[in-house]
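The values are calculated or read from the model by the stated rules, or taken from the named source; none is laboratory data. Here the structure is a predicted model, which is why all the values come from computation and not from measurement. Every residue, glycine as well, gets a Cβ built from its backbone with ideal geometry; the counts of neighbours run over all protein chains shown.
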Amino acid sequence: MASATSHRRCPPMSSNSTIQLFALPHFKPDLYERAWQSIPHPHAPLIATAHHKSVTIFSLSTLSSHSTLSGGHERSVRSIAWKPYATPNKLCLVTGSFDRTAGLWRWEEEGHSSSDALDITATRDSSSDKEDKDWEFTLVLEGHDSEIKSVAFAPGGQYLATCSRDKSVWIWEDIGASESDDEWETVAVLNEHEGDVKAVAWCPETNRRDKGRYAPDCLASASYDNTVRIWREDGDGEWVCVAVLEGHEGTVWGIAWEPRPEGTRYPRLMSWSADCTIRVWELKEEDEEEDKEPQLQYAWGGLRSIPNTMRRSMKDEWECTDILPKAHTRDIYSAAWSQDSGLVASTGSDGILAIYEEEAAGPGILNGERHATDAEANAELDGDVPMTNRHDATPKKQWYIKTTKPNAHGPYEVNHVTWCKRYDSACPPERKGIEEMLVTTGDDGIVRPWQVIR
């Protein structure tokens with residue numbers, strides 16, 4: 001279950017806003033058609049952009065085209081995911097298309113062994129046929145009845161999730177005998193959403209492998225039915241819905257997990273919606289020591305004790321702990337959570353690019369004056385919490401808007417935003433591969449990088 005009534009109110013703008021955005025030269029060539037999203041490679045200085053029936057791979061070093069994937073789909077490519085842990089001389093990604101299929105693509109630098117580093121800084125010769133031939137369309141995954149909206153690899157690369165306008169989420173498992181043996185099978189078809197499923201996202205790897213049912217083997221999905229669902233694998237190997245996160249008042253366009261949670265805390269989940277809000281959800285963990293207490297049940301021959309874990313249904317309790325301050329006037333299409341800085345960026349139908357930061361502040365502090373949170377106000381009305389006790393609450397962090405950039409792509413909608421590392425010539429050599437920038441992708445067919453300056 002999930003609660004949406006206990007979020008903290010967030011002030012609109014931090015008084016010490018120190019972040020500025022500057023547009024860098026955009027990637028070349030222009031795509032001249034609607035581009036859906038741009039996904040950076042997890043390690044190499046490459047970024048892949050989905051547009052029409054193709055994917056263009058750009059070099060982050062030259063800000064120009066590296067290679068192109070085309071000829072595999074009959075309709076627009078909507079979503080991309082890089083396969084993690086590919087060997088240095090190889091690239092592998094999955095595309096999700098409006099033609100109802102997902103495709104697996106591979107690219108290998110000729111003349112390189114698996115131990116060689118792939119030369120990805122050079123721009124390919126666009127005048128030859130070699131550019132398109134480098135990529136091999138190796139596998140088609142079929143099964144959805146309608147457009148595929150999102151694809152996502154699990155952190156280890158063993159599982160792939162796809163979701164569709166047909167209201168379903170599919171989980172596929174890599175059963176190939178080797179890395180280059182492309183053989184996948186369907187392990188689950190999840191049909192509990194009541195509307196188009198817009199996005200899927202796997203929980204990132206953490207140090208919680210020994211945490212029982214709260215291990216990070218977890219998938220989230222966002223839907224046109226205004227909800228987010230959380231899925232886990234039960235003891236019988238079946239994927240089940242363990243929580244429904246309710247509170248948004250419009251289509252949930254996307255979700256993102258906290259990339260680097262503090263300490264051993266379970267990663268939080270962020271969702272964004274047509275209702276112009278971004279929500280942050282937190283898992284409320286039970287004390288697993290209590291689950292180990294024996295319980296008495298009748299059995300043949302009298303009473304015997306069995307552990308709670310044999311009886312307990314798999315249900316998670318998630319709570320909406322924050323609603324970020326409002327920066328958008330129309331649908332929020334995309335948001336991204338930085339692994340390095342913890343900053344959040346968002347964009348959408350209104351063309352605004354916004355950046356938020358979580359900062360320490362006393363609970364209920366708004367422009368220097370303390371205000372009751374919704375949870376406190378409800379508790380006070382119920383007579384559960386005296387007014388004087390509310391000031392003793394432990395200070396918590398709050399989200400602030402740090403900057404906004406209207407018309408990030410002129411009059412066009414901005415469909416996607418992501419964080420990635422800088423490798424371009426304008427970046428100081430000692431900062432390459434370290435400094436972060438934003439990349440936005442819009443209906444104008446332009447993929448635009450942004451320098452983020454504190």
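When the range 141-183 is filtered for residues that are surrounded by 18 or more Cβ atoms within 10 Å (Cβ to Cβ) and of a type in the set (Ser, Thr, Tyr), the ones remaining, listed by number, are Ser150, Tyr159, Thr162, Ser164, Ser168.
Residues in the range 155-208 that are at pLDDT 95 or above and of a type in the set (Gly, Ala, Ser): Ala161, Ser164, Ser168, Ala188, Gly195, Ala199, Ala201.
Within the range 83-102, residues that are assigned to a loop (DSSP other than H, G, I, E, B) reach partners that are crowded, with 20+ Cβ neighbours inside 10 Å and of a type in the set (Ser, Thr, Tyr) with beta carbons closer than 8 Å, at six or more positions or on different chains, in the pairs Arg100/Ser164. Restricting to the range 38-68, count the residues that are closer than 17 Å to Asp99 by Cα and at pLDDT 95 or above. Number of matching residues: 5. Looking only at residues in the range 164-188 that are in a loop (DSSP other than H, G, I, E, B) and not charged (D, E, K, R), the one that is nearest to Ala86 (Cα to Cα) is Ser180. If the condition is being in a loop (DSSP other than H, G, I, E, B) and either within 15 Å of Trp82 (Cβ to Cβ) or not acidic (Asp, Glu) (or both), then the range 134-163 contributes Gly143, His144, Ser146, Ala154, Pro155, Gly156, Gly157, Gln158.
Scanning the range 167-192 for residues that are of a type in the set (A, V, I, L, M) and farther than 15 Å from Gly237 by Cα turns up Val169, Ile175, Ala177. The criterion of being farther than 30 Å from Leu141 by Cα and either touching a Lys or Arg at 6+ places or on another chain (Cβ under 6 Å) or assigned to a strand (DSSP E or B) (or both) does not hold for Arg265. Got at least one residue in the range 234-246 being in contact with a Cys (Cβ under 8 Å, 6 or more places away or on another chain) and outside any strand (DSSP E or B)? No.
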